[in-house]
Amino acid sequence: MNFAWNEDQLALHEHALSFARDLDFSKISAGEFPMEAWQSLGEFGYYGLPVDSRYSPCGSGFDILTTVKILEGLGQGCADTGILFAGAAHTFACVMPIYEHGSETLKHELLPALTSGEKIAANAISEAEAGSDIGKLTTKATREGDYYIINGAKSYVTNGSVADYFVLYATTNPKFGYLGQTAFVVPADLPGIEVGKSYKKLGLDSAQLNQVFFDEVKVHKDYVLGSEGQGARIFAASMDWERCCLFALFIGVMQNDLERCIEFANTRKQGDKTISKFQAVSHRIADMEVRLQSARLLLYFAAWQKSQDVDNTKAVASSKLAISEAFVQSGIDAIRIHGAAGYLQESGIDSSIRDALGSVLFSGTSDIQRELICNRLGLL
Ligand SMILES: Cc1cc2nc3c(=O)[nH]c(=O)nc-3n(C[C@H](O)[C@H](O)[C@H](O)COP(=O)(O)OP(=O)(O)OC[C@H]3O[C@@H](n4cnc5c(N)ncnc54)[C@H](O)[C@@H]3O)c2cc1C
(Lines give C-alpha, C1' and ligand atoms only; values in the text may rest on other atoms or scores of the structure.)
Protein backbone atom coordinates (compact mmCIF):
# COMPACT_ATOMS: atom_id res chain seq x y z
CA MET A 1 0.00 0.00 0.00
CA ASN A 2 1.43 3.35 -1.05
CA PHE A 3 0.28 6.46 0.81
CA ALA A 4 2.48 8.88 -1.16
CA TRP A 5 1.03 11.59 -3.39
CA ASN A 6 2.80 12.12 -6.70
CA GLU A 7 4.66 15.35 -7.50
CA ASP A 8 1.83 16.75 -9.64
CA GLN A 9 -0.75 16.16 -6.90
CA LEU A 10 1.49 17.85 -4.31
CA ALA A 11 2.11 20.80 -6.63
CA LEU A 12 -1.64 21.17 -7.29
CA HIS A 13 -2.32 21.09 -3.55
CA GLU A 14 0.29 23.80 -2.93
CA HIS A 15 -1.13 25.87 -5.79
CA ALA A 16 -4.67 25.58 -4.35
CA LEU A 17 -3.44 26.51 -0.88
CA SER A 18 -1.61 29.64 -1.99
CA PHE A 19 -4.42 30.66 -4.38
CA ALA A 20 -6.99 30.36 -1.56
CA ARG A 21 -4.80 32.31 0.88
CA ASP A 22 -4.70 35.22 -1.59
CA LEU A 23 -8.50 35.50 -1.91
CA ASP A 24 -9.59 38.79 -0.38
CA PHE A 25 -12.86 39.00 1.55
CA SER A 26 -12.14 42.31 3.31
CA LYS A 27 -14.80 44.23 1.36
CA ILE A 28 -17.56 41.63 1.86
CA SER A 29 -20.20 42.28 4.49
CA ALA A 30 -21.73 39.50 6.62
CA GLY A 31 -24.09 37.25 4.68
CA GLU A 32 -23.15 38.75 1.29
CA PHE A 33 -22.35 36.44 -1.65
CA PRO A 34 -18.73 37.23 -2.65
CA MET A 35 -19.16 37.29 -6.43
CA GLU A 36 -15.56 38.33 -7.13
CA ALA A 37 -14.23 35.35 -5.17
CA TRP A 38 -16.75 33.11 -6.98
CA GLN A 39 -15.36 34.29 -10.32
CA SER A 40 -11.73 33.89 -9.19
CA LEU A 41 -12.50 30.33 -8.11
CA GLY A 42 -13.93 29.79 -11.61
CA GLU A 43 -10.68 31.06 -13.16
CA PHE A 44 -8.76 28.76 -10.81
CA GLY A 45 -10.77 25.83 -12.23
CA TYR A 46 -12.74 24.83 -9.11
CA TYR A 47 -16.03 24.09 -10.87
CA GLY A 48 -14.53 21.82 -13.52
CA LEU A 49 -11.98 19.81 -11.52
CA PRO A 50 -13.37 16.34 -12.42
CA VAL A 51 -14.97 17.35 -15.76
CA ASP A 52 -13.39 16.24 -19.03
CA SER A 53 -12.03 19.10 -21.17
CA ARG A 54 -14.10 17.72 -24.08
CA TYR A 55 -17.08 19.49 -22.54
CA SER A 56 -15.45 22.70 -21.40
CA PRO A 57 -12.15 24.57 -21.59
CA CYS A 58 -12.50 24.84 -17.78
CA GLY A 59 -12.67 21.07 -17.32
CA SER A 60 -9.49 19.51 -15.90
CA GLY A 61 -10.57 15.86 -15.91
CA PHE A 62 -8.79 15.12 -12.63
CA ASP A 63 -9.39 11.79 -10.92
CA ILE A 64 -11.29 11.96 -7.64
CA LEU A 65 -8.24 11.59 -5.35
CA THR A 66 -6.47 14.48 -7.07
CA THR A 67 -9.70 16.50 -6.85
CA VAL A 68 -9.92 15.75 -3.12
CA LYS A 69 -6.30 16.84 -2.57
CA ILE A 70 -6.92 20.15 -4.37
CA LEU A 71 -10.08 20.77 -2.34
CA GLU A 72 -8.16 20.15 0.88
CA GLY A 73 -5.76 22.91 -0.16
CA LEU A 74 -8.64 25.31 -0.88
CA GLY A 75 -10.28 24.53 2.47
CA GLN A 76 -7.02 25.02 4.34
CA GLY A 77 -6.19 28.35 2.75
CA CYS A 78 -9.52 30.11 2.28
CA ALA A 79 -10.71 32.61 4.88
CA ASP A 80 -14.36 32.08 3.87
CA THR A 81 -15.57 28.47 3.91
CA GLY A 82 -19.08 29.63 2.88
CA ILE A 83 -18.05 30.45 -0.70
CA LEU A 84 -16.22 27.12 -1.01
CA PHE A 85 -19.36 25.35 0.24
CA ALA A 86 -21.45 27.21 -2.35
CA GLY A 87 -18.94 26.15 -5.02
CA ALA A 88 -19.04 22.53 -3.89
CA ALA A 89 -22.87 22.46 -3.90
CA HIS A 90 -22.74 23.86 -7.46
CA THR A 91 -20.02 21.48 -8.66
CA PHE A 92 -20.79 18.17 -6.98
CA ALA A 93 -24.59 18.28 -6.66
CA CYS A 94 -25.26 20.03 -10.00
CA VAL A 95 -22.37 20.02 -12.48
CA MET A 96 -21.56 16.35 -11.82
CA PRO A 97 -25.14 15.02 -12.33
CA ILE A 98 -25.30 16.99 -15.59
CA TYR A 99 -21.85 15.68 -16.61
CA GLU A 100 -22.68 12.07 -15.71
CA HIS A 101 -26.38 11.89 -16.69
CA GLY A 102 -27.14 14.74 -19.10
CA SER A 103 -27.54 14.16 -22.83
CA GLU A 104 -24.55 15.09 -25.03
CA THR A 105 -26.49 18.17 -26.24
CA LEU A 106 -27.26 19.29 -22.70
CA LYS A 107 -23.65 18.79 -21.60
CA HIS A 108 -22.28 20.87 -24.47
CA GLU A 109 -24.95 23.52 -23.87
CA LEU A 110 -24.53 23.88 -20.09
CA LEU A 111 -21.12 22.73 -18.93
CA PRO A 112 -18.89 25.48 -20.41
CA ALA A 113 -20.66 28.28 -18.50
CA LEU A 114 -21.24 26.17 -15.36
CA THR A 115 -17.61 25.05 -15.09
CA SER A 116 -16.26 28.57 -15.67
CA GLY A 117 -18.58 29.91 -12.97
CA GLU A 118 -20.26 32.32 -15.39
CA LYS A 119 -23.51 30.52 -14.54
CA ILE A 120 -24.43 29.19 -11.10
CA ALA A 121 -26.45 26.09 -10.29
CA ALA A 122 -28.37 25.01 -7.18
CA ASN A 123 -29.52 21.59 -6.09
CA ALA A 124 -33.21 21.48 -5.12
CA ILE A 125 -34.49 18.29 -3.52
CA SER A 126 -35.31 18.95 0.18
CA GLU A 127 -38.89 19.90 0.99
CA ALA A 128 -40.72 20.91 4.16
CA GLU A 129 -41.92 17.33 4.67
CA ALA A 130 -39.08 15.54 2.87
CA GLY A 131 -35.62 16.04 4.37
CA SER A 132 -33.85 12.84 5.36
CA ASP A 133 -36.52 10.75 3.65
CA ILE A 134 -36.87 11.87 0.06
CA GLY A 135 -39.08 8.93 -0.90
CA LYS A 136 -42.22 11.07 -1.18
CA LEU A 137 -41.45 14.37 -2.90
CA THR A 138 -44.57 16.51 -3.11
CA THR A 139 -43.08 18.55 -5.96
CA LYS A 140 -44.71 17.07 -9.04
CA ALA A 141 -43.74 17.10 -12.71
CA THR A 142 -46.59 16.23 -15.09
CA ARG A 143 -45.87 15.39 -18.71
CA GLU A 144 -47.76 17.46 -21.33
CA GLY A 145 -46.52 16.79 -24.86
CA ASP A 146 -42.82 17.72 -25.09
CA TYR A 147 -42.92 19.51 -21.73
CA TYR A 148 -43.20 18.78 -18.02
CA ILE A 149 -45.23 21.11 -15.80
CA ILE A 150 -43.57 21.47 -12.40
CA ASN A 151 -45.40 22.48 -9.21
CA GLY A 152 -44.04 22.49 -5.68
CA ALA A 153 -41.73 24.11 -3.14
CA LYS A 154 -38.14 23.31 -2.17
CA SER A 155 -37.10 24.24 1.33
CA TYR A 156 -33.30 24.58 1.63
CA VAL A 157 -31.59 25.44 -1.63
CA THR A 158 -27.93 26.46 -1.42
CA ASN A 159 -27.21 29.13 -4.09
CA GLY A 160 -30.99 29.59 -4.49
CA SER A 161 -30.89 33.40 -4.82
CA VAL A 162 -27.88 33.45 -7.19
CA ALA A 163 -28.81 30.43 -9.32
CA ASP A 164 -29.14 30.43 -13.10
CA TYR A 165 -30.20 26.78 -13.08
CA PHE A 166 -31.76 24.38 -10.59
CA VAL A 167 -31.03 20.67 -10.61
CA LEU A 168 -34.47 19.75 -9.34
CA TYR A 169 -35.99 16.44 -8.29
CA ALA A 170 -39.74 15.90 -8.69
CA THR A 171 -42.24 13.07 -8.57
CA THR A 172 -43.34 11.96 -12.02
CA ASN A 173 -45.12 8.80 -10.86
CA PRO A 174 -46.37 8.84 -7.22
CA LYS A 175 -47.18 5.09 -7.27
CA PHE A 176 -43.52 4.13 -7.72
CA GLY A 177 -41.90 5.87 -4.66
CA TYR A 178 -38.16 6.31 -5.29
CA LEU A 179 -38.58 4.88 -8.80
CA GLY A 180 -41.17 7.54 -9.57
CA GLN A 181 -38.79 10.49 -9.25
CA THR A 182 -37.10 12.36 -12.05
CA ALA A 183 -34.17 14.81 -12.18
CA PHE A 184 -34.50 18.00 -14.22
CA VAL A 185 -32.33 20.97 -15.08
CA VAL A 186 -34.61 23.98 -14.68
CA PRO A 187 -33.45 27.39 -15.99
CA ALA A 188 -34.07 29.88 -13.17
CA ASP A 189 -35.55 32.53 -15.48
CA LEU A 190 -38.55 30.40 -16.50
CA PRO A 191 -41.93 31.93 -15.64
CA GLY A 192 -43.45 30.63 -12.37
CA ILE A 193 -40.25 30.43 -10.30
CA GLU A 194 -40.02 32.49 -7.13
CA VAL A 195 -37.03 32.55 -4.77
CA GLY A 196 -37.55 33.35 -1.07
CA LYS A 197 -35.32 35.61 1.02
CA SER A 198 -31.90 34.24 1.98
CA TYR A 199 -32.07 32.59 5.41
CA LYS A 200 -29.91 33.93 8.23
CA LYS A 201 -27.87 30.90 9.28
CA LEU A 202 -25.52 29.89 12.07
CA GLY A 203 -22.52 29.45 9.77
CA LEU A 204 -21.22 29.28 6.18
CA ASP A 205 -22.36 32.91 6.07
CA SER A 206 -21.67 33.83 2.47
CA ALA A 207 -23.44 30.77 1.00
CA GLN A 208 -27.02 31.72 0.22
CA LEU A 209 -29.79 29.38 1.39
CA ASN A 210 -33.34 29.91 0.11
CA GLN A 211 -36.77 28.45 -0.33
CA VAL A 212 -37.71 28.16 -4.00
CA PHE A 213 -41.27 27.91 -5.32
CA PHE A 214 -42.30 26.39 -8.66
CA ASP A 215 -45.76 27.27 -9.98
CA GLU A 216 -46.76 25.74 -13.33
CA VAL A 217 -43.14 25.88 -14.53
CA LYS A 218 -42.88 24.49 -18.05
CA VAL A 219 -39.64 22.57 -18.68
CA HIS A 220 -38.77 20.91 -22.00
CA LYS A 221 -38.26 17.13 -21.90
CA ASP A 222 -34.69 17.59 -23.18
CA TYR A 223 -33.87 19.02 -19.74
CA VAL A 224 -34.46 15.66 -18.02
CA LEU A 225 -31.28 14.09 -16.60
CA GLY A 226 -31.04 10.38 -17.40
CA SER A 227 -34.57 9.23 -18.06
CA GLU A 228 -37.90 9.48 -16.28
CA GLY A 229 -37.78 7.52 -12.99
CA GLN A 230 -33.99 7.72 -12.55
CA GLY A 231 -34.04 10.75 -10.22
CA ALA A 232 -33.33 8.94 -6.94
CA ARG A 233 -30.40 7.06 -8.48
CA ILE A 234 -28.97 10.26 -9.94
CA PHE A 235 -29.36 12.05 -6.61
CA ALA A 236 -27.61 9.18 -4.77
CA ALA A 237 -24.70 9.37 -7.22
CA SER A 238 -24.45 13.15 -6.71
CA MET A 239 -24.39 12.62 -2.93
CA ASP A 240 -21.41 10.27 -3.36
CA TRP A 241 -19.54 13.12 -5.04
CA GLU A 242 -20.68 15.65 -2.47
CA ARG A 243 -19.93 13.45 0.56
CA CYS A 244 -16.37 12.89 -0.69
CA CYS A 245 -15.41 16.17 -2.31
CA LEU A 246 -17.33 18.81 -0.35
CA PHE A 247 -16.11 17.24 2.88
CA ALA A 248 -12.49 17.34 1.68
CA LEU A 249 -12.79 21.12 2.15
CA PHE A 250 -13.45 20.57 5.86
CA ILE A 251 -10.34 18.39 6.19
CA GLY A 252 -8.44 21.45 4.95
CA VAL A 253 -10.21 23.74 7.42
CA MET A 254 -9.37 21.35 10.30
CA GLN A 255 -5.72 21.23 9.17
CA ASN A 256 -5.58 25.02 9.30
CA ASP A 257 -7.19 25.07 12.76
CA LEU A 258 -4.77 22.43 14.03
CA GLU A 259 -1.75 24.41 12.82
CA ARG A 260 -3.13 27.57 14.43
CA CYS A 261 -3.68 25.73 17.72
CA ILE A 262 -0.11 24.38 17.73
CA GLU A 263 1.31 27.83 17.04
CA PHE A 264 -0.89 29.42 19.69
CA ALA A 265 -0.04 26.77 22.31
CA ASN A 266 3.67 27.21 21.63
CA THR A 267 3.55 30.98 22.09
CA ARG A 268 0.79 31.75 24.60
CA LYS A 269 2.22 31.83 28.13
CA GLN A 270 0.59 31.43 31.51
CA GLY A 271 3.07 32.06 34.32
CA ASP A 272 6.51 31.30 32.88
CA LYS A 273 5.38 28.39 30.69
CA THR A 274 3.83 28.19 27.26
CA ILE A 275 0.43 26.49 27.50
CA SER A 276 1.78 23.68 25.28
CA LYS A 277 3.59 22.41 28.39
CA PHE A 278 0.26 21.72 30.10
CA GLN A 279 -0.74 18.17 29.31
CA ALA A 280 -4.42 19.15 29.23
CA VAL A 281 -3.63 21.42 26.26
CA SER A 282 -1.09 19.24 24.42
CA HIS A 283 -3.25 16.11 24.74
CA ARG A 284 -6.23 18.02 23.38
CA ILE A 285 -4.11 18.90 20.34
CA ALA A 286 -2.96 15.27 20.03
CA ASP A 287 -6.64 14.24 19.96
CA MET A 288 -7.34 16.84 17.26
CA GLU A 289 -4.48 15.39 15.19
CA VAL A 290 -5.70 11.78 15.55
CA ARG A 291 -9.30 12.77 14.75
CA LEU A 292 -8.18 14.69 11.68
CA GLN A 293 -5.86 11.97 10.37
CA SER A 294 -8.45 9.22 10.88
CA ALA A 295 -11.11 11.22 9.07
CA ARG A 296 -8.63 12.08 6.31
CA LEU A 297 -7.67 8.43 5.77
CA LEU A 298 -11.34 7.42 5.65
CA LEU A 299 -11.84 10.12 3.01
CA TYR A 300 -8.94 8.91 0.88
CA PHE A 301 -10.23 5.33 1.14
CA ALA A 302 -13.77 6.44 0.20
CA ALA A 303 -12.46 8.47 -2.75
CA TRP A 304 -10.30 5.55 -3.89
CA GLN A 305 -13.28 3.17 -3.61
CA LYS A 306 -15.42 5.60 -5.59
CA SER A 307 -12.85 5.38 -8.40
CA GLN A 308 -13.18 1.56 -8.41
CA ASP A 309 -16.12 -0.47 -9.63
CA VAL A 310 -17.25 -1.54 -6.13
CA ASP A 311 -20.05 -0.68 -3.69
CA ASN A 312 -18.67 2.38 -1.90
CA THR A 313 -21.73 3.24 0.24
CA LYS A 314 -20.21 2.22 3.59
CA ALA A 315 -16.86 3.88 2.89
CA VAL A 316 -18.42 7.17 1.72
CA ALA A 317 -20.91 7.29 4.62
CA SER A 318 -18.14 6.49 7.14
CA SER A 319 -15.96 9.23 5.73
CA LYS A 320 -18.75 11.85 5.74
CA LEU A 321 -19.72 10.89 9.30
CA ALA A 322 -16.13 10.95 10.58
CA ILE A 323 -15.27 14.28 8.95
CA SER A 324 -18.36 16.18 10.05
CA GLU A 325 -18.27 14.88 13.64
CA ALA A 326 -14.50 15.54 13.85
CA PHE A 327 -15.12 19.04 12.51
CA VAL A 328 -17.62 19.77 15.31
CA GLN A 329 -15.36 18.38 18.05
CA SER A 330 -12.23 20.08 16.72
CA GLY A 331 -14.12 23.35 16.32
CA ILE A 332 -14.91 23.26 20.06
CA ASP A 333 -11.35 22.19 20.97
CA ALA A 334 -9.82 25.02 18.93
CA ILE A 335 -11.86 27.58 20.86
CA ARG A 336 -10.98 25.99 24.24
CA ILE A 337 -7.27 26.10 23.37
CA HIS A 338 -7.45 29.77 22.36
CA GLY A 339 -9.38 30.69 25.51
CA ALA A 340 -11.46 33.87 25.31
CA ALA A 341 -9.48 35.01 22.25
CA GLY A 342 -10.99 32.08 20.34
CA TYR A 343 -14.51 33.17 21.27
CA LEU A 344 -14.06 36.49 19.47
CA GLN A 345 -15.19 36.78 15.87
CA GLU A 346 -12.00 38.67 15.04
CA SER A 347 -9.98 35.51 15.85
CA GLY A 348 -11.50 33.71 12.85
CA ILE A 349 -11.19 30.47 14.88
CA ASP A 350 -14.83 30.84 15.99
CA SER A 351 -16.21 30.20 12.50
CA SER A 352 -15.21 26.52 12.38
CA ILE A 353 -17.71 25.35 14.99
CA ARG A 354 -20.48 27.40 13.34
CA ASP A 355 -19.66 25.96 9.91
CA ALA A 356 -19.19 22.47 11.36
CA LEU A 357 -22.67 22.29 12.87
CA GLY A 358 -24.17 22.53 9.37
CA SER A 359 -21.92 19.72 8.16
CA VAL A 360 -23.63 17.12 10.38
CA LEU A 361 -26.94 18.03 8.66
CA PHE A 362 -26.48 18.59 4.92
CA SER A 363 -25.62 15.82 2.44
CA GLY A 364 -27.52 13.46 4.78
CA THR A 365 -27.39 13.88 8.56
CA SER A 366 -24.98 11.88 10.75
CA ASP A 367 -27.90 9.62 11.73
CA ILE A 368 -28.57 8.86 8.08
CA GLN A 369 -24.88 8.02 7.50
CA ARG A 370 -25.09 5.59 10.45
CA GLU A 371 -28.22 4.05 8.89
CA LEU A 372 -26.34 3.55 5.60
CA ILE A 373 -23.42 1.94 7.45
CA CYS A 374 -25.80 -0.31 9.45
CA ASN A 375 -27.52 -1.33 6.25
CA ARG A 376 -24.23 -2.48 4.72
CA LEU A 377 -23.31 -4.26 7.98
CA GLY A 378 -26.50 -6.32 7.61
CA LEU A 379 -28.16 -4.78 10.68
CA LEU A 380 -31.28 -3.36 9.02
C1 LIG B 1 -26.43 24.67 5.34
C2 LIG B 1 -27.40 23.74 4.66
C3 LIG B 1 -27.40 23.65 3.28
C4 LIG B 1 -28.31 22.83 2.62
N5 LIG B 1 -28.32 22.81 1.24
C6 LIG B 1 -29.24 22.07 0.60
C7 LIG B 1 -29.33 22.12 -0.84
O8 LIG B 1 -28.53 22.78 -1.51
N9 LIG B 1 -30.33 21.42 -1.44
C10 LIG B 1 -31.23 20.67 -0.75
O11 LIG B 1 -32.11 20.07 -1.36
N12 LIG B 1 -31.17 20.60 0.62
C13 LIG B 1 -30.20 21.28 1.30
N14 LIG B 1 -30.15 21.24 2.69
C15 LIG B 1 -31.13 20.45 3.43
C16 LIG B 1 -30.52 19.18 4.01
O17 LIG B 1 -30.24 18.26 3.01
C18 LIG B 1 -31.53 18.65 5.04
O19 LIG B 1 -31.54 19.59 6.09
C20 LIG B 1 -31.19 17.27 5.56
O21 LIG B 1 -31.39 16.31 4.55
C22 LIG B 1 -32.04 16.91 6.78
O23 LIG B 1 -33.41 17.13 6.54
P24 LIG B 1 -34.29 17.97 7.58
O25 LIG B 1 -33.57 19.22 7.88
O26 LIG B 1 -35.66 18.05 7.05
O27 LIG B 1 -34.28 17.10 8.93
P28 LIG B 1 -35.18 15.80 9.24
O29 LIG B 1 -35.05 14.82 8.14
O30 LIG B 1 -36.54 16.20 9.65
O31 LIG B 1 -34.40 15.22 10.50
C32 LIG B 1 -34.57 15.71 11.82
C33 LIG B 1 -33.80 14.80 12.77
O34 LIG B 1 -34.31 13.45 12.69
C35 LIG B 1 -33.28 12.54 12.32
N36 LIG B 1 -33.81 11.54 11.39
C37 LIG B 1 -34.68 11.75 10.35
N38 LIG B 1 -34.91 10.60 9.70
C39 LIG B 1 -34.18 9.65 10.32
C40 LIG B 1 -33.97 8.25 10.10
N41 LIG B 1 -34.57 7.58 9.10
N42 LIG B 1 -33.14 7.59 10.93
C43 LIG B 1 -32.51 8.23 11.94
N44 LIG B 1 -32.65 9.54 12.20
C45 LIG B 1 -33.47 10.25 11.40
C46 LIG B 1 -32.23 13.41 11.61
O47 LIG B 1 -30.94 12.82 11.66
C48 LIG B 1 -32.31 14.69 12.41
O49 LIG B 1 -31.56 14.58 13.58
C50 LIG B 1 -29.22 22.04 3.37
C51 LIG B 1 -29.19 22.10 4.77
C52 LIG B 1 -28.30 22.93 5.42
C53 LIG B 1 -28.28 22.98 6.91
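Report relative contact order for the chain in percent, whole number only (criteria: Cα-Cα under 8 Å, sequence separation at least 6).
Values: 740 pairs, mean separation 60.7, N = 380.
Over the chain, the number comes to 16 percent.
Which percent of Cα-Cα pairs in the chain sits in each 10 Å bin, short to long?
5, 24, 33, 25, 10, 3, 1, 0
Considering the convex hull of the alpha carbon atoms of the range 7-119, report its projected area averaged over all viewing directions, in nm², one decimal.
Numbers: hull surface 26.7 nm².
In nm², the orientation-averaged hull projection of the range 7-119 is 6.7.
Suppose every K and R has +1 on its Cβ and every D and E has -1 on its Cβ; what is the size of the dipole of the chain about the Cα centre, in Debye to the nearest 20?
That gives the chain a dipole magnitude of about 1020 debye.
Leaving out ligands, DNA and RNA but keeping every protein chain, what accessible area does Thr138 have, in Å² rounded to the nearest 10, with a 1.4 Å probe?
90
Filter Lys69/Lys269; Lys197/Lys218; Lys119/Lys175; Lys119/Lys320; Lys69/Lys200 down to the pairs with a C-alpha to C-alpha distance above 26 Å, please.
Pairs exceeding 26 Å: Lys69/Lys269; Lys119/Lys175; Lys119/Lys320; Lys69/Lys200.
In square angstrom, what is the accessible area per residue of the chain with a 1.4 angstrom probe?
Numbers: 17270 Å² over 380 residues.
Ligands and nucleic acids excluded, the figure is 45 Å² per residue.
Quote the FRET efficiency, to the nearest 0.05, computed for Asp215 versus Asp52 with a Förster distance R0 of 51 Å and r equal to the Cβ-Cβ distance. Display every interim value, and only then the final one.
Working: r = 37 Å, r/R0 = 0.72.
Once rounded, the FRET efficiency stands at 0.90.
Mind checking which of Gly358, Thr267, Ala295 is farthest towards the positive end of the range 232-376's charge dipole, using Cβ charges of +1 (Lys, Arg) and -1 (Asp, Glu) about the Cα centre?
Looking along the dipole axis, the top candidate is Thr267.
In whole Å, how far is the Cα centre of the range 154-232 from that of the range 13-66?
Each part reduced to its Cα centre gives a spacing of 24 Å.
To the nearest 20 debye, what is the magnitude of the charge dipole of the range 209-360 about its Cα centre, counting +1 on the Cβ of each Lys and Arg and -1 on the Cβ of each Asp and Glu?
So the magnitude is around 500 debye.
Treating only the Cα positions of the range 273-380 as identical point scatterers, give the base-10 log of I(q)/I(0) from the Debye formula at each q in 0.10, 0.13, 0.19 Å⁻¹.
-0.37, -0.58, -0.97
Calculate what fraction, in whole %, of the accessible area of the range 122-229 sits on carbon and sulfur atoms when a 1.4 Å probe is rolled over the protein chains.
Exposed carbon and sulfur together represent 50 percent of the surface.
Placing +1 at every Lys and Arg Cβ and -1 at every Asp and Glu Cβ, with all other atoms neutral, what dipole size does the range 7-119 have around its Cα centre, in debye to the nearest 20?
180
With the dipole of the chain worked out from charges on the C-beta (+1 for Lys and Arg, -1 for Asp and Glu) around the Cα centre, which of Cys78, Thr66, Ser347 lies farthest toward the positive end?
Checking the options against the dipole of the chain, the answer is Ser347.
Listed highest first by mean packing, meaning other Cβ atoms within 10 Å per residue, what order do 4-12, 255-263 come in? Write down the numbers at each step before the final one.
Numbers: 4-12: 12.7, 255-263: 19.3.
Output ranking for 4-12, 255-263: 255-263, 4-12.
Could you work out Rg/(2.2 N^0.38 Å) for the range 122-229, with Rg from alpha carbons only?
Relative to the rule-of-thumb radius for its length, the range 122-229 sits at 1.03.
Have a look at Thr115, Phe33, Gln9 and report the one farthest towards the positive end of the charge dipole of the range 7-119, computed about the Cα centre with Cβ charges (Lys/Arg +1, Asp/Glu -1).
Farthest towards the positive pole: Phe33.
Can you put His283, His338 in order of accessible area, largest first, using a 1.4 Å probe?
His283, His338
Quote to one decimal, in nm, the extra length available between Leu202 and Asn266 on full extension: 0.36 nm per residue of separation minus the C-alpha distance between them.
Working: separation 64, 0.36 × 64 = 23.04 nm, distance 3.08 nm.
Taking Leu202 through Asn266 to full extension adds about 20.0 nm, to one decimal.
Rounded to the nearest 500, what is the chain's calculated 222 nm mean residue ellipticity when only DSSP H runs of at least 4 contribute -39500 (n - 2.57) each, over all residues?
Using -39500 (n - 2.57) per qualifying helix, the result is -15000 deg cm²/dmol.
The values are calculated or read from the model by the stated rules, or taken from the named source; none is laboratory data. What you are looking at is a predicted structure, and each value in this text was computed from that prediction instead of being measured. Here the Cβ is made from the backbone with ideal geometry for all residues, glycine too, and neighbour counts use every protein chain on show. What goes into the accessible areas is simple: the full protein's heavy atoms, side chains included, and nothing from ligands, DNA or RNA. Shrake-Rupley method; radii C 1.70, N 1.55, O 1.52, S 1.80 Å.
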